[in-house]
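Below: the structure, in structure tokens.
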Amino acid sequence: MLLEHLNRLRLERQAQGLARQRRIAESPCAPRQAFSREGEAALSLLGFGSNDYLGLANHPALVAALAEGARRFGAGSGASHLISGHSRAHAALEDDLAAWLAPCIPQAQALYFGTGFMANLALLTALGGASAAIFADKLNHASLVDGALLARAPLQRYAHGNLTVLARQLQGCTAPVKLIVTDAVFSMDGDVADLPALLALAERFDAWLIVDDAHGFGVLGEGGRGALGHFGLSSERLVYMGTLGKAAGVGGAFVAAHPAIIDALVQSARAYLYTTAAAPALAHALRESLRLIASSEGDARRAHLQQRIRQLRAGLAALIAAHPALGWLVTPSSTAIQPLIVGSNEAALALMAALDRQGLWVPAIRPPTVPLGTARLRITLSAAHSAGDVAQLLAGLGQAARDMTGTRT
Ligand SMILES: *Cc1c(COP(=O)(O)O)cnc(C)c1O
């Protein structure tokens with residue numbers, strides 16, 4: 001019975017172009033990376049799908065720091081943070097992160113988590129108790145959506161970036177604790193939330209502003225301080241979640257906030273209490289990652305990434321102008337996330353396959369991850385991409401566009 005049911009779901013998914021498949025990475029994360037699929041030989045592909053925005057995931061200094069961390073602190077933590085798993089390496093990283101965010105959040109303390117998904121579940125369930133109300137952007141990341149659903153607080157979602165609707169919702173709310181929740185950089189569109197306006201609303205309606213900066217931390221702002229630094233914001237109302245597996249190149253996440261918020265998480269967040277602390281070596285490597293992000297090397301990597309973003313956007317605009325019949329669209333993104341919206345699931349899969357045949361690997365993103373009819377290639381750029389890499393992607397897209405429209409080459 002169960003197997004028949006699952007098989008029916010699988011066939012439906014396939015018919016709708018929604019079946020998903022994993023590839024196996026046979027070499028470290030890098031623009032040129034070897035992948036294989038079950039039963040196939042490994043293939044080197046030029047990829048535009050990782051979130052390794054600064055190209056640190058295989059940086060020799062981080063690999064060395066990880067190895068040194070393992071020698072000093074062992075392979076595993078052995079327990080949750082509140083039992084015996086909270087290592088000196090975790091504590092030192094939290095101090096570094098708190099100091100890092102101090103210009104943006106007065107008295108900030110930081111708490112390290114094994115993943116960003118868990119950090120968001122912990123945050124929203126610990127703060128979103130029965131006396132709270134949650135207000136969330138419709139395009140927020142799945143982990144924020146699930147955290148809000150798991151919290152006992154009533155949830156209101158506002159249309160993407162629509163602060164008029166949000167103001168109306170806040171106005172009509174009598175809950176003593178109000179939580180505004182937003183991605184800083186929206187993960188499938190690449191646009192940046194209007195954090196100054198959101199913070200102004202939080203102040204006006206006595207709310208907290210929870211900012212998920214998974215795609216801004218290390219990339220945006222001076223020294224890579226992230227979205228808060230980018231806007232020059234500073235407030236006790238800010239609750240900041242940054243992930244450490246993307247630009248920081250390692251893994252994990254953290255919340256930085258007023259000490260009372262951090263204490264509430266340590267005391268009551270089930271997703272923090274009832275899980276084994278991540279390997280201390282990861283925290284040790286992340287301290288090195290923070291140093292790199294803040295260094296002149298980090299500045300150079302961010303500057304190079306900005307050049308690749310401008311190069312890609314100019315190329316995509318020219319391509320779209322040359323092939324209006326395809327109906328391709330870009331989003332108003334100035335970040336490393338540069339989606340090419342093609343519409344149907346079939347069109348997205350066909351374009352992904354056309355690129356794949358040219359040795360290019362760009363993931364197609366389909367509903368329910370994005371709204372129906374806005375299937376897209378989610379192109380992400382990294383400081384590890386060269387100008388030649390981006391030119392190769394643009395040439396591949398141009399070839400696919402000509403093939404699809406029957407234009408002669
Ligand atoms: C990736 C991501 C997360 C989850 O972080 P992980 O550390 O990968 O679990 C949370 N929020 C957003 C916006 C993300 O893009």
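The values are calculated or read from the model by the stated rules, or taken from the named source; none is laboratory data. Keep in mind that this is a model prediction, so the values were computed, not measured. Note: ideal-geometry Cβ built from the backbone for every residue, glycine included; neighbour counts use all protein chains shown. Keep in mind that these areas ignore ligands, DNA and RNA; they rest on the heavy atoms of the full protein, side chains included. Shrake-Rupley method; radii C 1.70, N 1.55, O 1.52, S 1.80 Å.
How many nm separate the modelled label positions at Ser36 and Glu297, each set 7 Å beyond the Cα in the direction of the Cβ?
With each label placed 7 Å out from Cα toward Cβ, I get 3.2 nm.
Of all DSSP beta bridges located in the chain, what percent are antiparallel, nearest 5?
Beta bridges within the chain, antiparallel portion: roughly 55 percent.
Hey, what do the phi angles of region 166-178 turn into as Karplus ³J(HN,Hα) couplings, whole Hz, using 6.51/-1.76/1.60 and θ = phi - 60°, x for Gly and Pro?
4, 4, 5, 5, 5, 4, x, 9, 10, 4, x, 10, 10
Just flag the GluC sites (Glu not before Pro) in region 24-108 sitting in loop per DSSP whose Cβ has no more than 13 other Cβ atoms within 10 Å.
Glu26, Glu38, Glu40
Using the crude model of +1 on Lys and Arg Cβ and -1 on Asp and Glu Cβ, and no other charge, please compute the dipole size for region 60-294 relative to its Cα centre, in debye to 20.
Magnitude of the dipole: close to 380 debye.
Please name which of Gln14, Thr125, Ala294 has its Cα lying farthest along the dipole of the chain towards the positive end, using unit charges on Cβ (Lys, Arg +1; Asp, Glu -1) and the Cα centre as origin.
Farthest towards the positive end: Gln14.
Taking the Kirkwood radius as the inverse of the mean 1/r across Cα pairs, report the Rg/Rh of region 60-294.
Here the Rg-to-Rh quotient is 0.97.
Assuming 0.36 nm per residue, please report the length gained on full extension of the stretch Leu273 to Asp95 beyond their Cα-Cα distance.
Value of the extension gain: 62.1 nm.
About its Cα centre, how strong a charge dipole does the chain have in debye, to the nearest 20, once Lys and Arg get +1 and Asp and Glu get -1 at the Cβ?
Dipole about the Cα centre, nearest 20: 680 debye.
Under a crude label model (7 Å from the Cα following the beta-carbon direction), how far is Leu43 from Gln107 in nanometres?
Each label point lies 7 Å from its Cα, and together they span 5.7 nm.
Among Ala159, Leu170, Ala148, pick out the residue whose Cα is farthest towards the positive end of the charge dipole of region 132-189, where Lys and Arg carry +1 and Asp and Glu carry -1 on C-beta, about the Cα centre.
Leu170
Mind listing which GluC sites (Glu not before Pro) in region 227-332 are in a DSSP loop and have 13 or fewer other Cβ atoms within 10 Å?
none
What is the pair-distance distribution P(r) of region 221-348, computed from all Cα-Cα distances in 10 Å bins starting at 0, with each bin given as a whole percent?
10, 27, 28, 22, 11, 2
Nearest 0.05, what FRET efficiency do Arg402 and Arg8 give at R0 = 41 Å with Cβ-Cβ as r?
So the FRET efficiency works out to roughly 0.55.
Largest first, please: the extent of the C-alpha atoms of region 1-73 along each principal axis, to the nearest Å.
The Cα atoms of region 1-73 stretch 51, 32, 25 Å along their principal axes.
Find how much the distance from Arg313 to Asn58 grows on full extension, using 0.36 nm per residue of separation minus their present alpha carbon separation; answer in nm with one decimal.
89.1 nm
Between Thr164 and Met1, 0.36 nm times their residue separation minus their Cα-Cα distance comes to what?
Details: separation 163, 0.36 × 163 = 58.68 nm, distance 4.90 nm.
The span from Thr164 to Met1 would gain 53.8 nm if fully extended.
Once the Cβ-Cβ distance between Glu203 and Leu329 is put in as r, and R0 is 25 Å, what FRET efficiency do you end up with, to the nearest 0.05?
Details: r = 35 Å, r/R0 = 1.41.
Step by step, r from the Cβ atoms, then E = 0.10.
Near the amide H of Gly55, under 5 Å away, which other amide H atoms are found, from residues 5 or more places off or on another chain, if H is placed in the peptide plane?
Hits under the 5 Å cutoff: Ala383, Ala384.
Could you estimate the translational diffusion coefficient of the chain from the Stokes-Einstein equation, with Rh from the Kirkwood formula over C-alpha pairs, at 25 °C and 0.890 mPa s, in whole µm²/s?
Taking Rh from Cα pairs, D becomes 110 µm²/s.
Using a 1.4 Å probe on the protein chains only, how many percent of the accessible area of region 317-367 belongs to carbon and sulfur?
C and S fraction of accessible area: 68 percent.
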